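Asks: Before we start, here is the structure in question, set down as structure tokens.
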Amino acid sequence: MATLKQGLSSLTAEGLVAKAEHVHAQLTAHAVSFPAPSPTLVALDTAKENLLTAIGVAIDGGRSAHQAKRDKFRLLKNMLKQLADYVANVASGDAQLIIDGGFETRAERQPTHIPVAPANLEALTPDVTDAVKIEWKGSKRVRLYQVQLSATDPAVTPAWTVMGLTSKRHYTVTDLEPFKMYWLRVIAVNVAGESLPATSSWPALPDPCPMSGTAAPA
């Protein structure tokens, strides 16, 4: 979902006039999508013309002329802020509608590096029959983990199956056969890609009579 960027904070008076003209033109061209701008486009055009006049007067004017320019600048800027709110409400996160309304979209922060592999993967026997719970440590910047399971020794015949995705740093794998060996691994995921897997160095052994404790080594 896109976020509207007002883009007003660093504008000069002349830049604000140009922005007002752009917003006016875009809202006029897309009047079907934006049928009731508030403030009205007539009011926006009037405020823009008043600032243009004040800019000209302030070139050779005194203190009062510069104050008038600042007042007209603040008025037009406030109108554009109100129109930005109006466009954002109509667009409801639609990037194209935000652009059609004369504003920009804010760039979303995206991870640029493949995440670090999870660490300290540990298997526990949970209070659930025929299941294994795994826990691990991961980076605070990672928001998603993929849990995979193999019913055969991956050192001999790798056969990994995705069991699920989680935003937490623990996961319970269920519906396992009692006393059968399973190998588990966890991969951190972000938009840049997948980390190297954190793989258990020993198989997990579900117990039909669950009890707390770590999985027995192979």
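Asks: Within segment 10-19, identify whether any single residue is polar (S, T, N, Q) and without any contact (Cβ under 8 Å) to a residue 60 or more places away in the chain, and answer yes or no.
Replies: yes
Asks: Let me ask something additional. Of all residues being loosely packed, with under 15 Cβ neighbours inside 10 Å and basic (Lys, Arg) in segment 163-183, which is nearest to residue 198 (Cα to Cα)? Just the residue, please.
Replies: Selected residue: 168.
Asks: Please go through (1) under 33 Å from the mean Cα position of the chain (by Cα); (2) of a type outside the set (A, V, I, L, M); (3) under 17 Å from residue 187 (Cα atoms) for residue 158 and return the number of the only condition it doesn't satisfy.
Replies: (1)
Asks: Within segment 37-53, how many residues are in contact (Cβ under 8 Å) with a residue 40 or more places away in the chain and not hydroxyl-bearing (Ser, Thr, Tyr)?
Replies: The qualifying residues number 2.
Asks: Within segment 83-93, identify whether any single residue is surrounded by fewer than 19 Cβ atoms within 10 Å (Cβ to Cβ), without any contact (Cβ under 8 Å) to a residue 40 or more places away in the chain and touching a Leu at 6+ places or on another chain (Cβ under 8 Å), and answer yes or no.
Replies: Taking every residue of segment 83-93 in turn, none turns out to be surrounded by fewer than 19 Cβ atoms within 10 Å (Cβ to Cβ), without any contact (Cβ under 8 Å) to a residue 40 or more places away in the chain and touching a Leu at 6+ places or on another chain (Cβ under 8 Å).
Asks: Out of 47, 54, 20, 2, I need the residue that is among the small types (Gly, Ala, Ser) and touching a Ser or Thr at 6+ places or on another chain (Cβ under 6 Å). Which one?
Replies: 2
Asks: Step by step: first the residues of segment 3-42, then only those that are among the aliphatic types (A, V, I, L, M) and loosely packed, with under 15 Cβ neighbours inside 10 Å, then the one that is farthest from the chain's Cα centre (by Cα). Which residue is that?
Replies: 42
Every number here is computed from the coordinates shown, using simple stated rules; none is lab data. All values reported here derive from a predicted model rather than from experimental measurement. Every residue, glycine as well, gets a Cβ built from its backbone with ideal geometry; the counts of neighbours run over all protein chains shown.
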